[in-house]
Amino acid sequence: MALEHDIEAMARRAEAHARDRSLPARMARRIKLVFKAKTIRAYRAVFLGADGRITSHAARVIADLGAVAKLGLAATPDMPEAVLRDRAGRQTVVLHLLARMDLDGAALDDINKKIRELDQ
């Protein structure tokens, strides 16, 4: 699978970079890479189907989270600072979720397409 290949490539780069560092530092880096890989796999298992494409249920959840976070809506100069901070926090969570799935442009376009189809 492409994800495992990418993860192994990241691990090899990290190991090459870490040759000059101490063993504990290299081990910590490797553990961090393994944890990230497991996290990416978990996000993908929740939101993507067996074919690697987003499921319709996942699209609905992402659309709902995006609406709650007011993604795509501009802030106005008269908005209170507390509202802006709250919105920024919500947007950060939704963007983090999308980033953790580690998708390419075509997969993100697929998400947008499925979300648009929900509105019809």
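The values are calculated or read from the model by the stated rules, or taken from the named source; none is laboratory data. Note that this is a predicted model, so its numbers are computed, not measured. Cβ atoms come from the backbone with ideal geometry, glycine included; neighbour counts cover every protein chain shown. Just so you know, the surface numbers come from the protein's heavy atoms only, side chains and all, with ligands and any DNA or RNA stripped out. Shrake-Rupley method; radii C 1.70, N 1.55, O 1.52, S 1.80 Å.
The single residue among 40, 115, 62, 111 that is at pLDDT 85 or above, part of a helix (DSSP H, G or I), in contact with a strand residue (DSSP E or B) (Cβ under 6 Å, 6 or more places away or on another chain) and not acidic (Asp, Glu) turns out to be 111. Does residue 21 qualify as being at pLDDT below 85, in contact with a helix residue (DSSP H, G or I) (Cβ under 6 Å, 6 or more places away or on another chain) and open to solvent by 40 Å² or more (accessible area, probe 1.4 Å)? So residue 21 does not fit the description; no. Could you tell me how many of the residues in segment 66-108 are in a helix (DSSP H, G or I) and of a type in the set (A, V, I, L, M, F, W, C)? Counting residues in segment 66-108 that are in a helix (DSSP H, G or I) and of a type in the set (A, V, I, L, M, F, W, C) gives 16.
The residue of segment 89-110 that is nearest to the chain's Cα centre (by Cα), among those that are surrounded by 12 or more Cβ atoms within 10 Å (Cβ to Cβ) and more than 26 Å from residue 33 (Cβ to Cβ), is 91.
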